[in-house]
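Colleague: I have a structure here, written as structure tokens, and I will follow up with some questions on it.
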């Protein structure tokens, strides 16, 4: 897919925006165990507390970097007992609030989040095939489990469509078939759709994405690069006007973190410097800068982060 990006760049069809979103990993628990989930880089973090330290961290990111969005992740953020308070707090500080979910909580929980100020809900829908969804889990689940899980997602989409900005995220790994089957589902409901690669198998995943676009008859229209992040995307459009996005990961490094990294040296880094994530570790609020490695400078206490070269370089890029 990078060749498509390069062609759009040569045609002057690449727009550059800036990183403006802080990801907040509220906790680890989740009803699902997707085998490709990187858990924001830490499968053992502690639940974040909705306290003054958390509020102060949001203010620092807002004032130092001009961040305007807070994106709650996990684990599954909708099952955090204080999710509505977190949303309300971020909203009161002037942030646009997003949340990623698997769509397995009760409808009432999501409406509570909307009433608390949630602006956008990103739902992870990877397949409509119950057996395939079960295989994605680790350990695998059966098709009966998959059928119930997909029914919950479809029911929630029907309940929320038009009530909140809704986006479906679909990770594509070794095969493009789940994306092709999902296209009509998304098209009929006029929902934003984004296809994403699986980090650990980039070449295989990107090849599947390319085949999906070819089968759907979608051609690239323009691309977007996020300055200060490894995230970029390509807008695709079909002849009938149906449009969706491909999320890509571009090589982006922060030298204060990446300069002497072994993963970078032998090509084992797949997400690069994506952007800062808040998490709780050992009773301390931490800023995670890398999903692949632990300890400083890959993860830093909030009180040490803003004076570190990583933060200084990020500020210069923004």
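The values are calculated or read from the model by the stated rules, or taken from the named source; none is laboratory data. Keep in mind that this is a model prediction, so the values were computed, not measured. Using ideal geometry, Cβ is built from the backbone for each residue, glycine included, and neighbour counts are taken over all protein chains shown.
Colleague: Residue 141 passes all but one of (1) surrounded by 15 or more Cβ atoms within 10 Å (Cβ to Cβ); (2) touching a residue at least 12 places away in the same chain (Cβ under 8 Å); (3) under 22 Å from residue 39 (Cβ atoms); which number fails?
Modeller: (2)
Colleague: Another question about this same structure. Please go through the range 184-194 and give me each residue that is touching a strand residue (DSSP E or B) at 6+ places or on another chain (Cβ under 8 Å) and under 16 Å from residue 218 (Cα atoms), ordered by number.
Modeller: 186, 192, 193, 194
Colleague: Select from the range 96-110 the residues that are touching a residue at least 40 places away in the same chain (Cβ under 8 Å) and either in contact with a strand residue (DSSP E or B) (Cβ under 9 Å, 6 or more places away or on another chain) or within 25 Å of residue 67 (Cβ to Cβ) (or both) and list them in ascending order.
Modeller: 98, 100, 102, 103, 110
Colleague: Moving on to the next point. Filter the range 283-309 for residues that are free of Cβ contacts under 8 Å to residues at least 12 places away in the same chain and either under 14 Å from residue 260 (Cβ atoms) or buried (at least 21 other Cβ atoms within 10 Å of the Cβ) (or both) and give the result.
Modeller: Answer for the range 283-309, where residues must be free of Cβ contacts under 8 Å to residues at least 12 places away in the same chain and either under 14 Å from residue 260 (Cβ atoms) or buried (at least 21 other Cβ atoms within 10 Å of the Cβ) (or both): 295, 296.
Colleague: List the number of the failed condition for residue 230; all other conditions in (1) out of contact with any strand residue (DSSP E or B) (no Cβ under 7 Å at 6 or more places or on another chain); (2) free of Cβ contacts under 8 Å to residues at least 60 places away in the same chain; (3) under 22 Å from residue 170 (Cα atoms) hold.
Modeller: Just one mismatch for residue 230, condition (1).
Colleague: Still on this structure, please answer the following. Between 43, 29, which is touching a residue at least 12 places away in the same chain (Cβ under 8 Å), closer than 19 Å to residue 271 by Cβ and surrounded by fewer than 19 Cβ atoms within 10 Å (Cβ to Cβ)?
Modeller: Answer to the check: 43.
Colleague: Out of all the residues in the range 112-137, which are over 20 Å from the mean Cα position of the chain (by Cα) and either more than 15 Å from residue 181 (Cβ to Cβ) or free of Cβ contacts under 8 Å to residues at least 24 places away in the same chain (or both)?
Modeller: Listed by number, the residues that qualify are 112, 115, 116, 130, 131, 134, 135.
Colleague: Further, regarding this structure: Please determine, by comparing only the residues of the range 93-109 that are out of contact with any helix residue (DSSP H, G or I) (no Cβ under 6 Å at 6 or more places or on another chain) and closer than 20 Å to residue 28 by Cα, which one is surrounded by the fewest Cβ atoms within 10 Å (Cβ to Cβ).
Modeller: 106
Colleague: Identify the single condition in (1) closer than 16 Å to residue 238 by Cβ; (2) buried (at least 19 other Cβ atoms within 10 Å of the Cβ); (3) at pLDDT below 95 that residue 178 does not satisfy, given that it satisfies every other one.
Modeller: Of (1) closer than 16 Å to residue 238 by Cβ; (2) buried (at least 19 other Cβ atoms within 10 Å of the Cβ); (3) at pLDDT below 95, only one is false for residue 178: (1).
Colleague: Let me ask something additional. Can you pull out the strands (runs of 3 or more DSSP E) entirely within the range 11-122 that have at least 3 residues that are more than 22 Å from residue 310 (Cα to Cα) and modelled with pLDDT of 95 or more?
Modeller: It comes to 96-101.
Colleague: Residue check: is residue 223 more than 30 Å from residue 108 (Cβ to Cβ) and either exposed (fewer than 15 other Cβ atoms within 10 Å of the Cβ) or in contact (Cβ under 8 Å) with a residue 24 or more places away in the chain (or both)?
Modeller: Answer is yes for this residue.
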